[in-house]
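Enquirer: What follows is a single structure, and I will ask about it in a moment.
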Amino acid sequence: MAPAAIPDETSEESSHPPSNEAPNLIFHPTAGYKLPRLVGSDGIHLFCKDGRDIVDACGGPGVACLGQGSEVKKRIKAAEDRQRNEVAYSSAHFFTTTGAGDLEECLIESTDGKMTGAWFCSSGSESLEAGIKLARQFHVRTGHPLRVNFIARKNSYHGSTLGALSLGSHEWRREIYEPMLGQNFSHVSRCNAYRDLGPGETIPQYVARLKQELVDEIERLGRETVCAFVVEPVVGAAMGSVPPVPGYFRAMREVCDEYGVLLVFDEVMCGMGRIGYLHAWQHPLIDVVPDVQTFGKGLGAGYQPVAGIMFGKKIADVLGPFAHGQTYQHHPIACAVAYEVQCMIREWNLLHKVNVMGKRLIRGLHTELDKHPKVGDIRGLGQFISLEFVKDKKTKEPFPHRFQVAERIHRLGMQRSHCICLYHGQGCADGKNGDIVMVMPAYTVTEDEIDMIVDRTAIVIREFFETAADL
């Protein structure tokens, strides 16, 4: 049976475009319905042309971490103006700038000496591509040119460019491009206790099993051929805010050190304060320093497209000039804005607030939805929270992909009767099936706004499952 239709109230309510507007020729990633047009914003509120006031509970894919309040906008504009008045663009091959220098110094200082070098680009996918090349270059410079293989994890997503997509293992995202993807990328099991902890298996036994699997994969490929092991410390959209079990990353670090494999953390979604620590690896549950980390999304809080990588002394000492580059690397204005975002996070003590508000958020969701028969799991750290939906709570059987459960919940939330934007994803169970919605509000959110997000999220989920006749 086809999924039940949800009234398309996401479309603009206009039969023809205004005379002073050109037809919308932008190619959108969402097919099948028109997107609402935004005409204003304030804090976590997004104002649509049709009059809706949408509560932004996710900041896109966790990007708008400072919201869109007047004070934030004022400071961002001032940072842009200062850098623009000095220089708006210069090639990073020839010059450095105040914006890039300030951002690099700020981020390196935030690691307490664990990282010593940084490189900035425009998107998370690009940062993963750079991380792949950085790892390869390190091994070539240290006399190990045979190290060309990369290991990542099943049910992972690391970006949409071909190298990053090869690194990931998200079935429906890869499917159409499979014949084009790299052949020197392999995948070991994810760390997901909710779905994969065996009957009677303890956490230490589970960690030991995953550790041995990584060892076996390195041996299968050839211990002198493996370049890096790439993981998200807390898994984002591919599985929905899945944290590691205690001891997992300590075990993975031991394997990487034993075999001379670099450990690369993809913190594009979970980093920059999202789980209550500026860098996800600083969280006590993770507590392992990677050789390379990537970051993006919240780095510029959505005010500029900016991302990057950092690396430690082991790599910096042998790297020399980085054999990689792009036109907009270290873009002065983008870096100046990202630096101002970091300043606001520090000045307003937002990392502490993320932890406090995150506890209120997940506690509220547990209170409202723990007993719902279709809510299988509520999980996450800080303000990086997800709800996974299941057909059967006891067996954890997911809904088939064709029912598009998470997207339909998102679209219901966007209707005028609810006005909440929740991030949705599919494939959390096996790479194709399984539905999640993610709640990732701005770090500036208030207690009342957290409570409103909890209430609206619960109402939308209950209404969806009560009215979806095909499920």
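Just so you know, all these numbers are worked out from the coordinates, no wet-lab data involved. Since the structure is predicted, the reported quantities are computational estimates derived from the model, not experimental observations. All Cβ positions, glycine included, derive from the backbone under ideal geometry; neighbour counts span all protein chains shown.
Enquirer: How high is the relative contact order of the stretch 87-347? Use alpha-carbon pairs under 8 Å, at least six apart in sequence, and give a whole percent. Walk me through the numbers before you get to the answer.
Expert: Values: 484 pairs, mean separation 77.1, N = 261.
That works out to 30 percent.
Enquirer: I've got another one for you. Take every Cα pair under 8 Å in the stretch 223-347 that's 6+ residues apart, average their separations, divide by the length, and report that relative contact order as a whole percent.
Expert: Worked out over the stretch 223-347, it gives 20 percent.
Enquirer: Same structure, new question: Once you charge only the Cβ atoms, +1 for Lys and Arg and -1 for Asp and Glu, what is the size of the charge dipole of the stretch 287-402 about its Cα centre, to the nearest 20 debye? List each step's numbers first, then the result.
Expert: Numbers: 16 positive and 11 negative charges, 109 e Å.
That gives the stretch 287-402 a dipole magnitude of about 520 debye.
Enquirer: Express the C-alpha Rg of the chain as a ratio against the empirical globular expectation 2.2 N^0.38 Å, rounded to two decimals.
Expert: Its radius of gyration relative to the 2.2 N^0.38 Å reference: 0.97.
Enquirer: Right, something else. Would you mind ranking Lys396, Lys154, Lys371 so that the residue whose beta carbon has the fewest other beta carbons within 10 Å leads the list?
Expert: Lys371, Lys396, Lys154
Enquirer: For Tyr157, what residues show an amide H to amide H distance below 5 Å, using hydrogens built from the backbone and excluding near sequence neighbours?
Expert: Under 5 Å from the amide H of Tyr157: Ser169, Ala238.
Enquirer: Could you point to the residue in Ile436, Gly182, Gln304 farthest towards the positive end of the chain's charge dipole, with +1 and -1 charges on the Cβ of Lys/Arg and Asp/Glu respectively?
Expert: Going by the Cα projections, it comes out as Gly182.
Enquirer: Label Asp81 and Gln212 with points 7 Å out from Cα along Cα→Cβ: what is the distance between them in nm?
Expert: Computed distance between label sites Asp81 and Gln212 equals 6.4 nm.
Enquirer: Expressed in nm², what is the orientationally averaged projection area of the convex hull enclosing the Cα positions of the stretch 87-347?
Expert: If you wrap the Cα atoms of the stretch 87-347 in a convex hull and average its projections, you get 14.0 nm².
Enquirer: In nm, what is the difference between 0.36 nm times the number of residues separating Gln183 and Thr202 and their Cα-Cα distance?
Expert: 3.4 nm
Enquirer: Does anything in the stretch 321-345 have its amide N under 12 Å from the 7 Å Cα→Cβ label point of Ser91, and if so which residues?
Expert: Flagged as within label range: 326-328.
Enquirer: If we count every other residue with Cβ under 14 angstrom of Arg223's Cβ, Lys/Arg +1 and Asp/Glu -1, where does the sum land?
Expert: Values: positive: Arg147, Arg220; negative: Asp216, Glu217, Glu219, Glu224, Asp257, Glu258.
Within the 14 Å Cβ shell, the charges total -4.
Enquirer: Once Lys and Arg get +1 and Asp and Glu get -1 on their Cβ, which of Gln383, Ala237, Ala251 lies farthest toward the positive end of the dipole of the chain?
Expert: After comparing all options, I get Ala251.
Enquirer: So which of Lys133/Lys154; Lys211/Lys374; Lys154/Lys393 end up more than 29 Å apart by C-alpha?
Expert: Lys211/Lys374
Enquirer: How do Trp281, Trp348 rank when sorted from fewest to most other Cβ atoms within 10 Å of their own Cβ? List each step's numbers first, then the result.
Expert: Numbers: Trp281 22, Trp348 15.
Listed from fewest to most nearby Cβ atoms, that is Trp348, Trp281.
Enquirer: Could you let me know the centre-to-centre spacing of the stretch 308-369 and the stretch 133-162, using Cα atoms, in angstrom?
Expert: Computed from Cα coordinates, the inter-centre distance equals 22 Å.
Enquirer: Something else: Quick one: net charge of Ile409's neighbours, Cβ under 11 Å, K/R +1, D/E -1?
Expert: +1
Enquirer: Would you be so kind as to identify which of Gly276, Ser160, Val318 lies farthest towards the positive end of the dipole of the stretch 87-347, taking Lys and Arg as +1 and Asp and Glu as -1 on Cβ and the Cα centre as origin?
Expert: Of the listed residues, the answer is Ser160.
Enquirer: Pop out the ³J(HN,Hα) list for the stretch 72-77 in order, Karplus 6.51 cos²θ - 1.76 cosθ + 1.60 with θ = phi - 60°, rounded to Hz; leave Gly and Pro as x.
Expert: Listing the rounded values in order: 4, 4, 4, 6, 5, 4 Hz.
Enquirer: Only counting other Cβ atoms within 10 Å, I'd like Ser156, Ser41, Ser70 sorted with the fewest neighbours first.
Expert: Values: Ser156 21, Ser41 16, Ser70 9.
Ascending Cβ contact count within 10 Å gives the list Ser70, Ser41, Ser156.
Enquirer: Continuing with the same structure: Taking 8 Å as the Cα distance limit and 6 or more residues as the minimum spacing, I'd like the relative contact order of the chain as a percentage.
Expert: 22
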